[in-house]
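Okay, structure first, notes after.
The values are calculated or read from the model by the stated rules, or taken from the named source; none is laboratory data. Quick caveat, the model's predicted, so the values are computed rather than measured. Cβ: placed from backbone, ideal geometry, glycine included. Neighbour counts: every protein chain shown.
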Amino acid sequence: MSLPGTPSLAFLTVIFLLLPWMALRSGRRLRAAFDGAEGTSTPTANQVWVSSFLLQALLLYLAWRVGGEFEYRIFAVPDLSGTALLQAAAALLACLGIRALARLGLTAADRRTMMVYRLSPRTGRERMLQLATIVAASVAEEAAYRGVAFAILWYALGSGWAAAVLSAVAFALAHTVQGWRSAGWVFLVGLVMQGLAVLTGTLVLAMVVHFLYDVIATTLIRAEVEHA
């Protein structure tokens, strides 16, 4: 086992402690507000999307700065083969399959209480802010979890498997704003995306798949909300 440098340790502290704490706190506050708890006010979707975008921008900046300490190239793209593109397509299908499994047994009433449904955009401005957040998250989360954090953990632990599992755990914890059940499925998505990054040797395809998955998922949710 090797001890990472101070910037790397600080980065791991952010993704394993600070971001999960923020997600848990935000989840509790949002659920209390949406449920009409006394003394709470419901934030607008615009406010939620703007704050989410800013958080993702900060995460990308931290990943870029810390990765630069050990010359990690976030946007490196090797010569992509047809195999790599097929692997990206398979990863997208796997993530959509995980989403389908996650929805099994959920009633329409269950879905309406989920945070992703409650925050589904209703206006053009909200849809633009959501799309901007999706772009930011697709880049920042792949850079942070599948890239820089994975590299630090692999160096520290000497095991790619352990690094992959731990980075997926951190990724899932950052999504507990959606609830623990959803976070469990996000963990599986994190493993799929890590596998794609390792197999293809680049984060860029993982970023593209992440973006496409989020766009498809949010589009399907919005269609359900509009026809509810």
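The single condition among (1) modelled with pLDDT of 95 or more; (2) closer than 27 Å to Ala45 by Cα that Arg181 does not meet is (1).
Out of the stretch 74-112, which residues are touching a residue at least 40 places away in the same chain (Cβ under 8 Å) and not in a helix (DSSP H, G or I)? The answer is Ile74, Phe75, Ala76, Val77, Pro78, Leu80.
Under 20 Å from Leu101 (Cα atoms), modelled with pLDDT of 95 or more and assigned to a helix (DSSP H, G or I): is that true of Ile152 in this structure? Let's see the steps before the verdict.
Working: under 20 Å from Leu101 (Cα atoms): no; modelled with pLDDT of 95 or more: yes; assigned to a helix (DSSP H, G or I): yes.
It is false that Ile152 is under 20 Å from Leu101 (Cα atoms), modelled with pLDDT of 95 or more and assigned to a helix (DSSP H, G or I).
Screening Leu173, Leu199 for residues that are in contact (Cβ under 8 Å) with a residue 12 or more places away in the chain and over 13 Å from the mean Cα position of the chain (by Cα) leaves exactly one candidate, Leu199.
Counting residues in the stretch 20-40 that are hydrophobic (A, V, I, L, M, F, W, C), more than 24 Å from Thr113 (Cβ to Cβ) and modelled with pLDDT of 95 or more gives zero.
Under 9 Å by Cβ, and 6 or more places apart or on different chains, what pairs join a residue from the stretch 14-40 that is surrounded by 12 or more Cβ atoms within 10 Å (Cβ to Cβ) with one that is hydrophobic (A, V, I, L, M, F, W, C) and not in a helix (DSSP H, G or I)? Correct list of pairs: Ile15/Ala174; Leu19/Ala174; Pro20/Ala174; Met22/Ala174; Ala23/Ala174; Leu30/Leu119; Arg31/Ala37. A count restricted to the stretch 161-203 and to residues that are of a type outside the set (S, T, N, Q), surrounded by 20 or more Cβ atoms within 10 Å (Cβ to Cβ) and farther than 20 Å from Leu101 by Cβ stands at 9.
The residue of the stretch 132-170 that is nearest to Gln194 (Cα to Cα), among those that are among the β-branched types (Val, Ile, Thr) and more than 14 Å from the chain's Cα centre (by Cα), is Val165. Remark: Gly67 falls outside the filter, which requires a residue to be touching a residue at least 40 places away in the same chain (Cβ under 8 Å), under 26 Å from Thr123 (Cβ atoms), part of a helix (DSSP H, G or I) and under 19 Å from the mean Cα position of the chain (by Cα). The residues of the stretch 96-131 that are more than 20 Å from Gly27 (Cα to Cα), of a type in the set (A, V, I, L, M, F, W, C) and over 17 Å from the mean Cα position of the chain (by Cα), listed by number, are Ala100, Leu101, Leu104, Ala108, Met128.
Would you point out the residue of the stretch 70-90, among those that are touching a Gly at 6+ places or on another chain (Cβ under 7 Å) and of a type outside the set (Val, Ile, Thr), that is surrounded by the fewest Cβ atoms within 10 Å (Cβ to Cβ)?
At the first step, the residues of the stretch 70-90 found to be touching a Gly at 6+ places or on another chain (Cβ under 7 Å) are 72, 74, 78.
When the remaining residues are screened for being of a type outside the set (Val, Ile, Thr), the result is 72, 78.
On the way: Tyr72: 18, Pro78: 10.
Out of the qualifying residues, it is Pro78.
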